[in-house]
Amino acid sequence: MRKLALLVVLATLLTSSVARGAGYQTTVGPPYNGTILYPILDIYGATHPYIGPHLGPLVNLSHAYLPYASLPYANLMFADLAYANLGAANLSNSYLGGANFYGANLYGANLYDTSLENTNFNNANLAYANLDEAGLWGANLSSAEYLGFTYGSPYYYANTRFPTGFNPLAQGWIPTPFCNMSADADCDLEDINMLLAVTDWTGGSPSPFALGADKFDLFVDGILNSLDITAWLIYASDRNGFTTPYLRGDTDLDRNVDLADYNALATNFDPSGTYGPYQWQHGNSDGDDDIDLSDYNALTSNFQPLGYGAAAVPEPSSLVLFVAALLGVMVATPDTRRPR
């Protein structure tokens, strides 16, 4: 599931929209006369008869009447949709993390590729709902109705709660590890970059949760810090069939730290972070949005061009040349990059 846009949602949750479907404003002016500027449409393209508050994060939409509404890419994170009627509504690609659908009617609703982290579906009618590629991290389905009559293959986690006797594997659902942030069942560069983008991992004090960011607390200590990056390297390695963790400095996650990784770091070496932000593949192994000596030290301390655990290591003279090469790049190469 293509959810890099989730990072934008976490950063701008209370101030902006993801797409047209995220904001349906009724009183923006002047002249502040209640004119509907962005009316909700139904799935057939006609104006929907919905009357109610602006649709957005944290809004109270309990008992809202929205059957057949066309709401793709809607941002309704932490919205209260208890007992709402969303039968046959199109909510594909939407952000519904933390939303409360208790008792809601989602009969035949399209929830394709939606973010459903920590969403409550207790007593909700999900008969014939399309859940294909939806992300169910922490979702509460323990008393959802007609779950066996849904279709599609969503991604579920160890903390997804199901009704007694429900077998997600038999339903064709896809088990997903915690190191997967993008809900596609893989643990790769996309996921570590999503993790790095949540916060400044090397600030003066550990960062508390951003709204909806608790899935990134892999160390499960209530804060976001470098331990969560370390945990990801362990979990991802195990998921991908290896017995030892990925190492910081392995920019391409190919199980060795070699000149390819050095070249990535040297090319992007930017201690002030002027041209950042930088991702894992650029050499940013501590998540602080710059490429500096901390990242260089991580790479050199893990330098293993023959692969993790290989007996051969660079001779001292080779390491001297390695440092000299880096300094040569820093001093001799003119920086022609423009700010990103």
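Taking the criterion of being in contact (Cβ under 8 Å) with a residue 40 or more places away in the chain and either closer than 16 Å to Ser70 by Cβ or surrounded by fewer than 23 Cβ atoms within 10 Å (Cβ to Cβ) (or both), the residues of the range 112-144 that qualify are Tyr112, Asp113, Asn118, Glu133, Gly138.
Look at Ala134 and say whether it is closer than 22 Å to Phe78 by Cα, at pLDDT 95 or above and within 13 Å of the chain's Cα centre (by Cα). Against the criterion (closer than 22 Å to Phe78 by Cα, at pLDDT 95 or above and within 13 Å of the chain's Cα centre (by Cα)), Ala134 qualifies. Residues that are on the phi < 0 side of the Ramachandran plot, of a type in the set (D, E, K, R) and not in a strand (DSSP E or B) occur in the range 128-144; there is at least one.
Scan the range 264-311 for residues that are among the hydrophobic types (A, V, I, L, M, F, W, C), without any contact (Cβ under 8 Å) to a residue 40 or more places away in the chain, surrounded by 16 or more Cβ atoms within 10 Å (Cβ to Cβ) and out of contact with any Phe, Trp or Tyr (no Cβ under 7 Å at 6 or more places or on another chain) and the total you get is 1. Scanning the range 59-74 for residues that are part of a loop (DSSP other than H, G, I, E, B) and either of a type outside the set (S, T, N, Q) or at pLDDT below 85 (or both) yields Val59, Leu61, His63, Ala64, Leu66, Pro67, Tyr68, Leu71, Pro72, Tyr73, Ala74. When only residues in the range 189-212 that are surrounded by fewer than 19 Cβ atoms within 10 Å (Cβ to Cβ) and over 15 Å from Asp286 (Cα atoms) count, which is modelled with the highest pLDDT? Out of the qualifying residues, it is Glu190. The sole residue among Asp254, Asp250 that is loosely packed, with under 14 Cβ neighbours inside 10 Å, assigned to a loop (DSSP other than H, G, I, E, B) and charged (D, E, K, R) is Asp254.
Residue by residue, here is whether (1) part of a loop (DSSP other than H, G, I, E, B); (2) at pLDDT 95 or above; (3) buried (at least 19 other Cβ atoms within 10 Å of the Cβ); (4) out of contact with any Ser or Thr (no Cβ under 6 Å at 6 or more places or on another chain) holds:
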position: Leu7; (1), (2), (3), (4): no, no, no, yes
position: Thr15; (1), (2), (3), (4): yes, no, no, yes
position: Leu37; (1), (2), (3), (4): yes, no, no, yes
position: Gly52; (1), (2), (3), (4): yes, no, no, yes
position: Pro57; (1), (2), (3), (4): yes, no, yes, yes
position: Ser92; (1), (2), (3), (4): yes, yes, yes, yes
position: Gly108; (1), (2), (3), (4): yes, yes, no, yes
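Of all residue pairs spaced 6 or more apart or on separate chains, those with beta-carbon atoms under 8 Å, a first member in the range 223-246 that is farther than 17 Å from Asp286 by Cβ and a second member that is among the charged types (D, E, K, R) are Phe242/Arg255.
The values are calculated or read from the model by the stated rules, or taken from the named source; none is laboratory data. Keep in mind it's a predicted model, so treat the numbers as computed, not measured. Reconstructed Cβ throughout: ideal geometry from the backbone, glycine too, with neighbour counts over all protein chains shown.
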